[in-house]
Amino acid sequence: MINSIALESGTRRRWSPSTSRLPVLLLWLAVLTLTLSPTLMLLWTVIKQFPVLQNVLQDGATWRATWHSLYTSALATLISLVLGSAVAYIVVLTDIRAKALWVFGLMLPMMIPPQVTALAWLQLFGPASPLLNTIGIAPPLGSPQPLYSAGGIALLMGIQHAPLVFMALRSTLVHLPHAQIEAARISDASPRRVWLETIFPLSRAALITGAALAFVSALGNFGIPAMLGIPVSYYVLPTLIYQKMAGYGTTVLAQVASLSMLIGVIALLGVALQQYWLNRSSYQLLGHSGRSHSLKLGRWHWPVMLGLALLLTLILLVPLTALVVSSLVKALGMPLNAQTLSFTAYLEMFTRQGATIRAFGNSLFLATAAAVILMLLSVPIALCLRNWRGLQRNVFTAVVDLPYALPGIVLAIACILLFVRPLPLINISLYGTLSIILIAYVMRFLAVALKPVLSAVEQLDPTLERAARLAGANRWQRLRDVVLPLIAPSVCAGGLLVFLIAVNELTVSALLWSVGNETIGVMIFNLDESGNSVLAAAVSVVVVAMVIALMLLLSLLSRWLPAGVIPWQTSEEK
């Protein structure tokens, strides 16, 4: 009945809480407090302590760490560009089979926590590698670990962030105009000329966007530089901040605030440079074909399939195999066989290690609480944004995106500055509790939860709400009976994405955790740093299994979601 009434009605009026100004004002205040207050507090601290900033800028360690950050981030971006763009061109533009499988495999490295990626590769190389010892090709004892270097850090960050380039490029390639490519092919242009003179110029803007995303992500990456750089005193800016906080605590807050501002400025310069290049090379492609090309691979089909399989084996399966093997031996350096096979690490993790069990409990609680809070917040925000246009919408969206765009270490320092003293009026201190980590997660992941909900709300047919109004439903009944049931899958998808990212988070929690409030990411890092790498490997294996299970669950939900909500799936791959 509702549908028939909706078809008869041509009105575009929608349910909106904006009919009352008070809820909108409260929403604005809540979002501004969540997203802007940390950045403003950080900026105010740096300005107030300007002499400290001058001292930090005169310190040689600052510029060494800055150069290390720029060098490893630039090299990692180059690796991400090569990997991500090569897979995107092959998977999107050709008739290769099992596209969804390749996309899922390439996206997995980005979803695995950076510290787990670093640990898996550390277990793969070096004289103590159980996997290399099992197959008898381990280097002699005393050989250096090749990953403890700038090249090792850049390689792993390049693999970790290649999916960002892939996603940015794929969204453009599916909209490439068929006519131009077909015209070039009919004119007997070789595949090389079609790519160089048609496809590459049209996709250049997406490559620039992907490169900028990969660079900013590498600049703020903490897990990989911490596990590969700290053992050989190779510091980038995030690990330099961590070392100062670990050594001197809150007495160096002004110093680390200045360092985090330096990271934020470099990140914003990278984004500004990206925007400059985009303005010089962008094309309007949306609305052309809406589906990707299927260039025939012909006799190259199986060689290309084997090449992709070999790539995923090298960057994903082999390191994860090394991680699993390491978790099943009694000690590092042993080969895996019937005599050395042991499940002691898993028994230790689940029965005797109170800190490990506590870390799992803390991370599951934080991820669940952040997901639920953001699911509740994202619905009214999306409903407001649907009715806003122009400057108001752009400003609101930019404010929501700010904490996620800045490196996590910057947000962590800002949260410490905000909550290091007891809250006024109620005199309760959040510093050193789980609450400060939860607040930081809510600030950081609001943009992640909002995107799928906003996408679903904007695709709602407004005549449905009009029909419900004509049937006598009030505002809350329309929200409960019409809007929420239709957008519920997207709200759940946003919550699951937040849970997936938050449950393994390390960069923010590395500076905010305290004894008794450890998270899984912090626990893996601490176990490896203290030399208990077998137990760290066992915890990491459980984490990877959890990540894969959540990704599969989201993939199953995709049939009820708008296209593009699941990062590793598009409508053509469903």
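The values are calculated or read from the model by the stated rules, or taken from the named source; none is laboratory data. Given the structure is predicted, the values throughout are model-derived calculations rather than measurements. Note: ideal-geometry Cβ built from the backbone for every residue, glycine included; neighbour counts use all protein chains shown. These accessible areas exclude ligands, DNA and RNA; they are computed on the full protein's heavy atoms, side chains included. Shrake-Rupley method; radii C 1.70, N 1.55, O 1.52, S 1.80 Å.
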*Take Asn504 and decide whether it is without any contact (Cβ under 8 Å) to a residue 40 or more places away in the chain, part of a loop (DSSP other than H, G, I, E, B) and of a type in the set (S, T, N, Q).*
no
*Do you know which of the residues in the stretch 22-47 that are open to solvent by 60 Å² or more (accessible area, probe 1.4 Å) and β-branched (Val, Ile, Thr) is modelled with the lowest pLDDT?*
Thr33
_Suppose the filter is in contact with a Ser or Thr (Cβ under 8 Å, 6 or more places away or on another chain) and at pLDDT 85 or above; does Leu119 pass it?_
yes
_I'd like to check something: does the stretch 393-401 contain any residue that is hydroxyl-bearing (Ser, Thr, Tyr) and closer than 20 Å to Asn504 by Cβ?_
no
*What number of residues in the stretch 221-247 are open to solvent by less than 10 Å² (accessible area, probe 1.4 Å) and assigned to a helix (DSSP H, G or I)?*
11
*Regarding Val453, is this residue crowded, with 22+ Cβ neighbours inside 10 Å and under 16 Å from Ala382 (Cα atoms)?*
yes
*Check Ser429 against each of (1) surrounded by fewer than 24 Cβ atoms within 10 Å (Cβ to Cβ); (2) out of contact with any Pro (no Cβ under 7 Å at 6 or more places or on another chain) and name the one condition it does not meet.*
(2)
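Quick one: count up the residues across the stretch 521-538 that are among the polar types (S, T, N, Q) and within 10 Å of Met349 (Cβ to Cβ).
Taking the stretch 521-538 as the starting set, the residues that turn out to be among the polar types (S, T, N, Q) are 526, 530, 532-533.
If we keep only those that are within 10 Å of Met349 (Cβ to Cβ) as well, we get none.
Counting residues in the stretch 521-538 that are among the polar types (S, T, N, Q) and within 10 Å of Met349 (Cβ to Cβ) gives 0.
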*Is there any pair linking a residue in the stretch 230-241 that is at negative phi to one that is surrounded by fewer than 21 Cβ atoms within 10 Å (Cβ to Cβ), with Cβ under 6 Å and at least six apart or on different chains, and which?*
Pro231/Tyr148; Val232/Tyr148; Val236/His68; Thr239/Ile230
*Which condition does Lys99 not pass, out of (1) open to solvent by 10 Å² or more (accessible area, probe 1.4 Å); (2) more than 30 Å from Arg299 (Cα to Cα); (3) of a type outside the set (Val, Ile, Thr); (4) under 26 Å from the mean Cα position of the chain (by Cα), if it passes all the others?*
(2)
*List every residue pair whose Cβ atoms sit under 8 Å apart, with the two residues 6 or more apart in sequence or on different chains, where the first one lies in the stretch 306-324 and is over 13 Å from Val116 (Cα atoms) and modelled with pLDDT of 90 or more and the second, anywhere, is open to solvent by 40 Å² or more (accessible area, probe 1.4 Å) and of a type outside the set (S, T, N, Q).*
Leu308/Ile90
_Please verify whether Ala162 is modelled with pLDDT of 85 or more, part of a helix (DSSP H, G or I) and under 28 Å from His68 (Cα atoms), treating the condition exactly as stated._
yes
*asked:* Checking Ala206 against (1) under 27 Å from the mean Cα position of the chain (by Cα); (2) touching a residue at least 40 places away in the same chain (Cβ under 8 Å); (3) within 19 Å of Val82 (Cα to Cα), only one condition comes out false. Which one?
replied: (2)
*asked:* For the structure I just gave you, tell me whether Val116 is of a type in the set (A, V, I, L, M, F, W, C), under 20 Å from Ile153 (Cβ atoms) and open to solvent by 10 Å² or more (accessible area, probe 1.4 Å).
replied: no
*Sort out which residues of the stretch 389-423 are assigned to a loop (DSSP other than H, G, I, E, B), more than 27 Å from the chain's Cα centre (by Cα) and at pLDDT below 80, and write them in order of number.*
Arg389
